[in-house]
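> Submitted below is the structure of interest, expressed as structure tokens.
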Amino acid sequence: EPFELSYLKSREPLTFEEQKKGIFIPISVSESWGENFECAWFKLNGKIPESFAGEEVVALINLGGEACIYDDSGNAIQGLTNKRIGTEFDEAEIKRRVLISDCAKGNEEIALLLDSGANNIMGAVEWNGTIIDDGTVNQAEIAIFKRNIWQLYLDYDLLNKLQAILDDDSRRKKLIVYALNETINVFGQGEDENIEKCRQVLKKELNRIANSSAMNVSAIGHAHIDIAWLWPLRETVRKTARSFSTALKMMDEYPEYKFGASQPHLYQMVKDNHPGLYKRIKGAVKDGKWECQGGMWVEADCNLSGGESLVRQVLYGKKFFKEEFDQDVDNLWLPDVFGYSAALPQILIKSEINSFMTQKISWNQFNRFPHHTFIWKGLDGTEIFSHFLCNDTYNS
């Protein structure tokens, strides 16, 4: 069921209050609305069909860029991203889906307000000569969400990716491939009740324990947001609101979900521009669902910076997290910094930061750093526990 759309375009972002004074004009699916980094507020109005009664209902929105949904009080509640280079279906789909009703009655009116940018997760609409997003309204419709089929897809996809990296002669691989094949056989019978039968087939392999020497791994969500990269600085403010509001929404949908983010400067942006969102972040930190990461104010350059600058990065970074969240952050999170001062271990240990994480030295053009977890001894002999991400990329 399609939405009716209207929009208010501007070169620079308009605030929630400013958009109230503008005149929105109609726009349809397939119409272009913006070029690189242009901005627009969108209003989407529609009605849940009577035939959708009893179903879980979602909005599917693809504005050919990035967007953030706002509530009536001007609070950011969920970010939307069309896609990025190399994105697979599942990632792209979930980033354009908005839950409307767990169980619709039918005929409910829907009104959504979105702040949008004609840019994608990597920056400009056109990136390295490739059109990533197109600044065009590609989709805006109300749909039934079959959650059981989505969950089956996630189960299947996880096991399929696991078997792909196992040795061909692995017993576990053979068991998974058999289960995947059996799932397709059951699914092909075409009856709705077979969805749960399919999940039961996969459940055995999902629950199969690893070998006794395997490590226990804990995973939490994370968003790496460059403060300044391939977009205007004002876009960082909007990207942060989109990312952080989405993380909180995921916590609402999945109570066990945890998330972490670095760089107090990003938190300050939220505090200054999105006080309602900032209050919710503080609540998530207090509840142990949100991890404050990295003891520096920003993920600082460590080649050009002098000792005074590095000390102040740590001083203001730790001070912010302590004063705002009562968190004593004792790690340095520098995943995206190319090179480090030999004075850094001394500065960190004296600042009560006891561990250091990065991965960019793995990108060395000429030789491979031989370790992933080790003790780094600095210029004065100070030692700090250090870790490089094991697969030599920050994407994990």
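We did not get these values from a lab; they are worked out from the coordinates using the rules stated. Everything numeric in this text was worked out from a predicted model, so none of it was measured. Every residue, glycine as well, gets a Cβ built from its backbone with ideal geometry; the counts of neighbours run over all protein chains shown.
> Along the charge dipole of region 1-61, Cβ charges K/R +1 and D/E -1, which of Q19, F37, P2 sits furthest on the positive end?
Q19
> Summarise the long-distance tail of P(r) for region 243-396 by giving the % of C-alpha pairs beyond 22 Å.
Summing the P(r) of region 243-396 above 22 Å gives 45 percent of all pairs.
> Also: Checking the cross-link filter: which lysines have an alpha carbon closer than 25 Å to that of K43, excluding same-chain neighbours under 8 positions apart?
K9, K20, K21, K83, K95, K105, K239, K249
> 7 Å from Cα along Cα→Cβ at both E109 and L389: what's the point-to-point distance in nm?
4.6 nm
> Please work out the Cα convex hull volume for region 1-50 and give it in Å³ per residue.
Each residue corresponds to 89 Å³ of Cα convex hull volume.
> Still on this structure: Going out from 0 in 10 Å bins, what whole percent of all Cα-Cα distances in region 112-271 drops into each bin?
P(r) over region 112-271, rounded to whole percents: 8, 23, 26, 26, 16, 1.
> May I ask which residue of G283, W363, L152 lies farthest towards the positive end of the charge dipole of the chain, with charges of +1 (Lys, Arg) and -1 (Asp, Glu) on Cβ and the Cα centre as origin?
About the Cα centre, the residue reaching furthest to the positive side is W363.
> Out of A143, F385, L310, whose Cα points farthest toward the positive end of the dipole of the chain (charges: +1 Lys, Arg; -1 Asp, Glu; placed on Cβ)?
Of the candidates, F385 comes out farthest on the positive side.
> Additional query: How compact is region 179-241 by the rule of thumb for globular proteins, expressed as Cα Rg over 2.2 N^0.38 Å?
Working it through for region 179-241, the quotient is 2.02.
> Per residue, how big is the convex hull around the C-alpha atoms of region 200-293? Give it to me in cubic angstrom, could you?
Per-residue hull volume (Cα only) is 148 Å³.
> Which value, in debye to the nearest 20, gives the size of the charge dipole of the chain about its Cα centre, when Lys and Arg are +1 and Asp and Glu are -1 at the Cβ?
Computed about the Cα centre, the dipole is about 860 debye.
> Going through region 202-238, which trypsin sites (Lys or Arg not before Pro) have at most 12 other Cβ atoms within 10 Å and a DSSP loop state?
Listed in order of number, the matching sites are R208.
> Give the percent of DSSP beta bridges with both residues in region 268-396 that are antiparallel, rounded to the nearest 5.
Here the antiparallel bridges make up roughly 40 percent for region 268-396.
> Which residues make up the longest stretch of the chain that has no chymotrypsin sites (Phe, Trp or Tyr not before Pro) in a DSSP loop with at most 14 other Cβ atoms within 10 Å?
Longest stretch, sites excluded: 1-228.
> Rounded to two decimals, what ratio of Rg to Rh does region 138-193 give with C-alpha atoms and a Kirkwood Rh?
Taking Rg over the Kirkwood Rh, I get 1.13.
> In the structure shown, do any of K271/K360; K319/K360; K173/K289; K146/K271 have a Cα-Cα gap over 32 Å, and if so which?
Cα-Cα > 32 Å for K173/K289; K146/K271; rest within.
> Per 20 Å bin, what is the whole-percent P(r) computed from every C-alpha pair distance within the chain?
Here the calculated profile for the chain is 23, 52, 25, 1.
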